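Since the structure comes first, as structure tokens, the remarks are kept for the end.
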Amino acid sequence: MLKAESTSAPSGGAGLQSNASACACSRADRHGAEIRAALLTDLDALVALERHFPGDRLSRTSLRRLLHRASAEVWVYEAAGCVAGDAVLLYRRNSAQARLYSLVVHPRYQGRGIARALLKHAERAAALRGRGCLSLEVRATNAPALRLYQKAGFNLVRQIAGYYEDHAPALRLEKPIAGAM
Ligand SMILES: CC(C)(COP(=O)(O)OP(=O)(O)OC[C@H]1O[C@@H](n2cnc3c(N)ncnc32)[C@H](O)[C@@H]1OP(=O)(O)O)[C@@H](O)C(=O)NCCC(=O)NCCS
């Protein structure tokens with residue numbers, strides 16, 4: 001993903017109210033945790049999560065646009081009223097692929113399977129839109145993310161030179177998702 005949406009409605013629901021805060025809680029409560037479509041009221045939390053990327057961060061303006069775009073889905077993992085992570089999916093017209101554009105989990109919540117759950121959710125969401133493949137870009141040096149994708153069954157397709165702002169290369173990974181529903 002340039003750096004990287006609940007099986008229910010995608011983020012077309014932007015504008016509805018959510019009281020979730022940007023990770024103000026000290027721990028994720030598995031009970032009451034859910035993956036849901038991001039709302040406009042999640043914007044602050046989404047912007048805050050972007051800080052955990054080393055670069056190529058999505059701006060507030062870009063995130064706001066994504067929340068309204070029919071060809072994008074933004075999903076958040078909410079635990080006990082906190083937005084602990086998010087995943088952004090992009091859909092190009094006439095493409096059999098969906099692209100995982102963003103995936104991030106707040107450091108306080110990492111190591112609890114939240115990224116794995118968001119990824120699984122993204123696969124299902126893309127399959128529901130009739131896509132047969134999920135693609136993404138990841139830094140070759142991002143060991144946690146590479147391990148996550150490798151374990152989830154993604155395959156290396158190619159390296160893309162100078163992909164990131166700092167000219168670091170990206171690895172393009174893909175996974176067939178037929179049957180992910
Ligand atoms: C990569 C990231 C999304 C993982 O989030 P997470 O919620 O901690 O990951 P999970 O707990 O779901 O872990 C799932 C798997 O990922 C791998 N993984 C996650 N963190 C890891 C780490 N620090 N070291 C090695 N492997 C790791 C493991 O294989 C893990 O499975 P396991 O625990 O059974 O071994 C998180 O570290 C993050 O937000 N990083 C900053 C943003 C980023 O780099 N996003 C990816 C951009 S492509």
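Any read-out appearing in this document is the output of simple, stated calculations on the displayed coordinates, not a laboratory observation. These figures come from a predicted structure and were not determined experimentally. Heads up, the Cβs are rebuilt from the backbone with ideal geometry, glycines too, and the neighbour counts pull from every protein chain shown.
At 7 Å along Cα-to-Cβ for each site, give me the label-to-label distance between Arg92 and Ala143 in nm.
Computed distance between label sites Arg92 and Ala143 equals 3.3 nm.
By how many nm would the segment from Glu34 to Asn155 lengthen if fully extended, with 0.36 nm per residue of separation less the alpha-carbon distance? The partial results should precede the final answer.
Working: separation 121, 0.36 × 121 = 43.56 nm, distance 2.81 nm.
Contour length minus Cα-Cα distance gives 40.8 nm.
With +1 on each Lys and Arg Cβ and -1 on each Asp and Glu Cβ, how big is the dipole of segment 42-181 about its Cα centre, in debye rounded to the nearest 20?
With only Lys, Arg, Asp and Glu charged at Cβ, the dipole is about 340 debye.
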